[in-house]
Every structure is written in C-alpha cells, then in structure tokens.
C-alpha cells in the first residue's frame with residue numbers, strides 16, 4: 001500500500017509541477033518584437049482594387065450610420081446586452097484604421 005501512495009503522490013506532484021510550469025510560461029512568455037508599419041504609398045491600381053473590395057463586401061452597410069459619412073462607423077446594432085456600434089474604417093490616422 002505504501003508503494004501505491006508513493007507512486008500516486010509522485011504522479012500528482014509531477015502534474016502539479018507541469019501545470020505550474022505551464023502557467024508560469026504563459027504568464028511570463030516573451031512578447032513578440034513590434035513591427036514597423038509598412039509603406040502607405042499605394043498605386044492607383046491597388047486603390048481601385050480596395051474600392052471594389054469594399055463595394056463587393058458591402059462594408060458601408062454596417063460601417064455607415066444613417067446620414068453619416070461613408071465608412072465612418074457609428075451604426076448601432078441593438079443586442080440583448082446593449083447596443084454595439086460599428087467602427088470607423090476610414091483611412092484617417094487619428095480616428096480610423098489609417
């Protein structure tokens with residue numbers, strides 16, 4: 001009986017140690033180095049493709065409030081836990097995704 005308790009105790013200790021090590025690693029894992037933003041110099045062809053993509057994807061349906069600026073967000077979607085407002089997806093650097 002003593003041997004069974006030793007084996008069981010060792011197994012439990014190993015599991016606790018592994019869980020503790022995993023929690024430590026998840027908590028203190030090094031973050032990725034920040035990336036430098038890419039160039040914002042787009043060709044006319046890339047801009048036209050983006051416009052077509054936004055049109056085909058119907059982005060303005062959710063990202064334009066009634067009477068608001070195109071793609072500036074603010075459209076409210078009522079839900080049981082509160083109203084969710086769509087985001088501004090314009091290229092504005094201060095208020096959009098630019």
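Read-outs: derived from the displayed coordinates by stated rules, not from any lab. Since this is a predicted model, take the numbers as computed values, not measurements. Methodologically, a virtual Cβ is constructed for each residue, glycine included, from the backbone with ideal geometry; neighbour enumeration extends over all protein chains shown.
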Please determine, in degrees from 0 to 90 and to the nearest 10, the orientation of helix 2-28 with respect to the longest principal axis defined by the Cα atoms of the chain, where the helix direction is its Cα long axis.
30
For labels at residue 66 and residue 92 in the simple 7 Å Cα→Cβ model, what's the distance in nm?
2.2
Quickly work out the residue 7-to-residue 19 label distance, labels modelled 7 Å from Cα along the C-beta direction, and quote it in nm with one decimal.
2.2
Output the peptides 36-47, 65-76, 14-25 sorted from most to least packed, where packing is the average of other Cβ atoms within 10 Å over each peptide's residues.
65-76, 14-25, 36-47
How far apart, in nm, are the 7 Å Cα→Cβ label points at residue 32 and residue 58?
3.2
Using only Cα atoms, tell me the angle between helix 44-56 and the longest principal axis of the chain; keep it within 0 to 90° and round to the nearest 10.
80
